[in-house]
1. Kirkwood Rh and Cα-based Rg: tell me the resulting Rg over Rh for the stretch 260-312, rounded to two decimals.
2. Within 10 Å of each candidate Cβ there may be at most 12 other Cβ atoms; applying that plus a DSSP loop requirement, which GluC sites (Glu not before Pro) in the stretch 11-106 survive?
3. Could you give the dipole magnitude of the stretch 171-318 about its Cα centre, charging the beta-carbon of Lys and Arg +1 and that of Asp and Glu -1, in debye to the nearest 20?
4. How big is the equivalent ellipsoid of the chain along its three axes, where each semi-axis is √(5λ) from the Cα gyration tensor, reported in whole Å from largest to smallest?
5. Could you work out what % of the accessible surface of the chain is carbon and sulfur, using a 1.4 angstrom probe and leaving DNA, RNA and ligands out of the count?
6. When the C-alpha atoms of the stretch 170-212 are aligned to their principal axes, what extent does each axis show, in angstrom, from largest down?
7. What's the angle, to the nearest 10 degrees (0 to 90), between helix 201-215's Cα axis and the longest principal axis of the chain?
8. Return one number: the angle in degrees, 0 to 90 and rounded to the nearest 10, between the long axis of the Cα atoms of helix 87-96 and the longest principal axis of the Cα atoms of the chain.
Amino acid sequence: MTDYRRLRVALLGAGAVGSQVASLLLRHGDELADRAGAQLELAGIAVRDVDARRDVELPRELYTTDAEALITSADIVIELMGGIEPARSHILLGLGSGADVVTANKALLATHGPEVFEAADRVGASVYYEAAAAGAIPIIRPLRDSLAGDRVVRIMGIVNGTTNYILDRMDSEGADFADVLADAQRLGYAEADPTADVEGYDAAQKAAILASLAFHTAVPLDAVHREGITSITASMIEEAREAGFVIKLLAVCERLNGSDIDSISVRVYPALVPRSHPLASVHGANNAVFVEAEAAGSLMFYGAGAGGVQTASAVLGDVVSAARRHIAGGTGVGESTRANLPVVSIGHVFTRYQITLEVSDEPGVLATIASLLSEGGVSVATLVQTVIPAEDGTEGTTARLIVGTHRAADSALSAAVDRLTASDVVERVVSVLRVEGE
C-alpha cells in the first residue's frame, strides 16, 4: 500500500449514524486512503457509556469518555452526538485546536451556525455538513459550490422523512394520521416523542441551513415560519386528491424581488402540490430538494433523507474532503453570507389558498363569501359546492365549499380567512392550505 500521511480522526457519538461511520472507516480504510491521499486513523470514539449496548460491534478499546483529550489530538473531528451541548463546545474545541470538523447536527448549525463558521474562519479550518440537511442526498455541495456562480431563486424541499412517510400513507391508503404515526413509531421512522418531526421543527432547521447557503445570508431559525402536519385529516387528503393535488410538508426558501433590494422568505408548512410536479412522486420516507436557479433552471435532488448507513455515506464524503484539504494545505473555505439579504415574514409572500368551509345552505351565502374575500383584494379562482346530508339522509341545511383563491399576499389571504371565521354564514373553517409548485 502507498505510504500515506496519517490523519487522526476523532468520532463523537456512536449512535445509528456514528456506529456506521466507524464501521465503514475500519472496513474500507485502504480505499478511503487512496481517495483522500491520507491514511484515516480512527483514533477513538467518545461516548457517555463505554459499556452501553450498540447495534454495530466495534473494538472496545476505541471507546472513551474523555472527549476533550480525543478532540485535541485529532486532525479531523466528526460530531454525531446531536443536540446543542456538549456538541457546540466540542466543535469549538476541535476548531480551536486546528482540526477540521464534520457534523450532521442540523439543530446546532441552525441556531449557532454563524458562531461555528466564524470560529473556523479565525483558524483557517473548515466545517463540513453535507449530512445536516437531507441525509444521504448531496445538496450542500451543489448549493455551496456548483451553484455559487448562479442565482438561486427558489428551493422547495421534502426534507423530513417521517412526515413524508405519514402523508404518503394517508394519501395512498386513506388512513388516519394517528394510525400512521403509530406505525411510523413502531417501524422506527418516528421517535417516541414525534414533536420535532410532525410539528415541523426538524424541517425548519434544515430550511434555515439551505436558505443560508442558497442566498448567501445568515438565516436565524426564529425567522423561519413553521407549521406542522398534525391538523391534516383523511378528508383533507381526499379533497386534495379530487382536486389533483397531494399534500406534502414543504420547506420553501424563496428570493423575493423588491423595488429597492431583494429579500428572502423561509417557511415550512403542509402544502398542496400538483400531482404533475416531481415532488408529488416522492414516496415513503424519502426526501427530495427541488432547486430553481436563473441560469441552471430546475434541478431535482432525490434519495434517502435518513438512515444510519445512508447518512454515514454523506459523512464519510465530508471526511474525505477534509483529509484532502489537510494534504493540500492552506486555509479552509469559509461560508459565503455576505449578501445580508433581509428575511421577511410570511405575510410578504404571494401565494394562493385552498379554503374548505362549512356554510349555511341558503341564498346569498356565495355572494357573502365572495364579498368577504374581495374586501382585502382576494378573488375566487375556483369554487366547488356540495350539500352535506342530514343525519337521517335527507337534504341538509349545511353546504361544504372548497374555495380556491387567486394569488395574493399571504397577509391578505390570512386576513380573509379571519373574516370568514367571524362571519355568521360560515359555520366552520374546515381547513386552509397553501398551493405550491404550480
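The values are calculated or read from the model by the stated rules, or taken from the named source; none is laboratory data. Nothing here was measured: the structure is a model prediction, and the numbers come from that model. Neighbour counts run over all protein chains shown; Cβ positions are idealised from the backbone, glycine included. Note: areas computed on protein heavy atoms with side chains; ligands, DNA, RNA excluded. Shrake-Rupley method; radii C 1.70, N 1.55, O 1.52, S 1.80 Å.
1. Numbers: Rg = 14.4 Å, Rh = 13.7 Å.
The Rg/Rh ratio comes out at 1.04.
2. Values: sites: E31, E41, E57, E61, E68, E79; in loops: E57.
Of the GluC sites (Glu not before Pro), the ones in loops of the stretch 11-106 whose Cβ has at most 12 other Cβ atoms within 10 Å are E57.
3. Working: 8 positive and 21 negative charges, 69 e Å.
Taking the Cα centre of the stretch 171-318 as origin, the dipole is about 340 debye.
4. Numbers: eigenvalues 439, 115, 55 Å².
Equivalent ellipsoid of the chain: 47, 24, 17 Å, largest first.
5. Working: 9050 of 18780 Å².
The computed percentage sits at 48.
6. 37, 23, 14
7. Between the helix axis and the principal axis of the chain, the angle is about 80 degrees.
8. Long axis of 87-96 versus the principal axis of the chain: about 40 degrees.
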